[in-house]
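See structure below.
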Amino acid sequence: MEGTAGVCTWRQCDPENRDEYPTYRRYMTREVAAAVEGARGAGAAEFLVNDSHSSMRNLVWDELPGDVRMVTGAPKPLSMAEGLSEGVDAAFLTGYHAKAGDRDGVLAHTFSDETVYRVTMNGTECSEALLVSALAGARGIPVVLVTGDSTIVSETLRSLPWAVGVAVKDAIGFYAASTLTPQAAQTAIREGARDAIGRISRAKPFTFAPPIEMVLQTVHAHQADFIELMPGFERVDGRTVRFTASEYPAAYAAYVAAVRLGGAANVQA
């Protein structure tokens, strides 16, 4: 949701905020609907949408096309990658945002701004978009569309040059943006989705070569205290843990578990 046009503050993304959140969840929904409409116009026939923000219960159902199947609610075993399974021809990433630490990113973070300082896979610093693209790729699914702020779009296209990118805003600062209107963003996403479907035949699944080394730096040391208790994790320093796996899906699952356990460490007794 943080990559949706117009969004520039946590309050707009917070389901507890009854003033602004209802408006911006509707904009998020309409960007998803625009992607579906564009894909349908290019010949796509079946659509599975995974609501992936916060509680993962954000999309306004009656503003989505009636034939869309939804994955909703949390926690999901694969979080925002849930639904990437056999039979999926291609994936779209809509409403994505810059990764934790990016200088030019609106609300930049990676899964959790309270827990994750930095995460790498085989030495490559990862955003949410790259982490999800790699899981899709491990299952033979190419990502062909990414929408969000210009930082995440340009960064993702460097790794996925076959994909279509639609930048709906530029960061002015962490809490400020120069943005398209929601209507203009939806038009651009609709056109981008139509183009993306046409690229499926030459798109490639993005993958990390096994074995996989995942290195996670947490925001606070007490989060690493919790994470290192899980089998397979090794403590590197005060805020860093390492996990190795023979295949990427295991590393991704370990990352999701680590983020959740690190978040649990934030709860004070």
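The values are calculated or read from the model by the stated rules, or taken from the named source; none is laboratory data. Please read all numbers here as calculations on a predicted model, not as lab measurements. Here Cβ is always computed from backbone atoms with ideal geometry, including for glycine, and neighbour counts include all displayed protein chains.
Some points to look at:
- Test: residue in the range 30-39 that is within 23 Å of F174 (Cβ to Cβ), of a type outside the set (S, T, N, Q), buried (at least 16 other Cβ atoms within 10 Å of the Cβ) and at pLDDT 95 or above: yes
- Subset of the range 50-72 that is under 20 Å from Y252 (Cα atoms) and touching a Gly at 6+ places or on another chain (Cβ under 7 Å) - its residue that is surrounded by the fewest Cβ atoms within 10 Å (Cβ to Cβ): V71
- Of all the listed residues (A269, A188), the sole one being among the small types (G, A, S), surrounded by fewer than 20 Cβ atoms within 10 Å (Cβ to Cβ), modelled with pLDDT under 95 and over 24 Å from E82 (Cβ atoms) is A269.
Listed here are the residues, each with its yes/no results for (1) assigned to a loop (DSSP other than H, G, I, E, B); (2) touching a residue at least 24 places away in the same chain (Cβ under 8 Å); (3) over 19 Å from V144 (Cβ atoms); (4) aromatic (F, W, Y).
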position: V168; (1), (2), (3), (4): no, yes, no, no
position: A171; (1), (2), (3), (4): no, yes, yes, no
position: A185; (1), (2), (3), (4): no, yes, no, no
position: I189; (1), (2), (3), (4): no, yes, no, no
position: D195; (1), (2), (3), (4): no, yes, no, no
position: P205; (1), (2), (3), (4): yes, yes, no, no
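- Selection within the range 15-48 - charged (D, E, K, R) and either more than 17 Å from the chain's Cα centre (by Cα) or closer than 16 Å to A91 by Cα (or both): E16, R18, D19, E20, R26, R30, E31, E37, R40, E46
- If you go through the range 122-136 and keep only what is under 23 Å from I200 (Cα atoms) and either aromatic (F, W, Y) or assigned to a loop (DSSP other than H, G, I, E, B) (or both), you end up with just S127.
- Qualifying residue in the range 58-73 (condition: in contact with a Pro (Cβ under 8 Å, 6 or more places away or on another chain), free of Cβ contacts under 8 Å to residues at least 60 places away in the same chain and part of a loop (DSSP other than H, G, I, E, B)): yes
- Qualifying residues in the range 211-264 (those that are in contact with a Pro (Cβ under 8 Å, 6 or more places away or on another chain) and in a strand (DSSP E or B)) - the one surrounded by the fewest Cβ atoms within 10 Å (Cβ to Cβ): T244
- Picking from residues in the range 73-112 that are more than 26 Å from T124 (Cα to Cα) and touching a Ser or Thr at 6+ places or on another chain (Cβ under 9 Å), the one that is surrounded by the most Cβ atoms within 10 Å (Cβ to Cβ) is A74.
- Considering V153, V119, the condition of being under 26 Å from A245 (Cα atoms) and not in a loop (DSSP other than H, G, I, E, B) is satisfied by V119 alone.
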